[in-house]
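Asks: Handing you a structure now.
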Amino acid sequence: MPCDTITTQTLSTKLTKAMPDLIKKALESLDWQISTNTKTLIKASRGYRTTLTWEYGKGMTVQSSSQNDNQYHIKNVTQAYSKEAVSWAAQRAGWKVSQTEQNKLQLRKG
């Protein structure tokens, strides 16, 4: 592919009803630069030509230089969001959350 090609991938089933505050935290944990942050729309960029748009009820769109890059970013954002959502729900229910390894959390009551 020429170096000036941009590939777009839209996932209407990914994070359509996600909590915007948790999407923002997930993106920040992955070093995305957030340019728009509302209750229904988040736009962010990472690096030279990678952008992400999340819209409540519509899902997530990623644009980058290749389909592989899109898949990589989608996987990482989804995992980071999952971590934030589990931590939020556990803490709300009175559990203590600690990260034991990458992508592994430990929950303790009390």
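Quick note: the coordinates plus some simple rules give every number you see, no bench work behind them. The shown structure was predicted, so the numbers you read here are calculated from the model rather than taken from an experiment. Here Cβ is always computed from backbone atoms with ideal geometry, including for glycine, and neighbour counts include all displayed protein chains.
Asks: Which chymotrypsin sites (Phe, Trp or Tyr not before Pro) in the range 23-61 sit in a loop by DSSP (not H, G, I, E or B) and have at most 11 other Cβ atoms within 10 Å of their own Cβ?
Replies: Those that pass, being in a loop and sparsely packed, are Y48.
Asks: Summing +1 for each Lys or Arg and -1 for each Asp or Glu, what net charge is found among the other residues whose Cβ lies under 15 Å from the Cβ of W88? Walk me through the numbers on the way to the answer.
Replies: Numbers: positive: K17, K24, K25, K83, R92, K96; negative: D21, E28, E84.
Cβ neighbours under 15 Å give a net charge of +3.
Asks: What does the charge count around I42 come to, taking other residues whose C-beta lies under 9 Å from its C-beta (Lys +1, Arg +1, Asp -1, Glu -1)? Spell out each step's value before the answer.
Replies: On the way: positive: K24, K43; negative: E55.
Counting the neighbours of I42, the net charge comes to +1.
Asks: Right, another one. Using the Kirkwood formula over every pair of different C-alpha atoms, what hydrodynamic radius in Å results for the chain?
Replies: 14.7
Asks: Another question about this same structure. What's the angle, to the nearest 10 degrees (0 to 90), between helix 67-92's Cα axis and the longest principal axis of the chain?
Replies: Approximately 20 degrees, to the nearest ten.
Asks: Follow-up. Using just the helices of the chain, give the 222 nm mean residue ellipticity in deg cm²/dmol: DSSP H runs with n ≥ 4 each add -39,500 (n - 2.57), and the total is spread over all residues, rounded to 500. Present the calculation step by step, with values, prior to reporting the outcome.
Replies: Numbers: 2 runs with 36 residues, N = 110.
Using -39500 (n - 2.57) per qualifying helix, the result is -11000 deg cm²/dmol.
Asks: Taking the Cβ of I74 as the center, what net charge do the other residues with Cβ under 14 Å away carry, scoring Lys and Arg +1 and Asp and Glu -1? Please report the intermediate quantities before stating the final value.
Replies: Details: positive: K14, R46, K75; negative: D69.
Every neighbour counted, the sum reads +2.
Asks: Let me ask another. Most exposed first by the Cβ proxy, i.e. fewest other Cβ within 10 Å, how do R108, R49 rank? Each step should come with its number before you reach the end.
Replies: Working: R108 9, R49 14.
Ordered by Cβ neighbours within 10 Å, fewest first: R108, R49.
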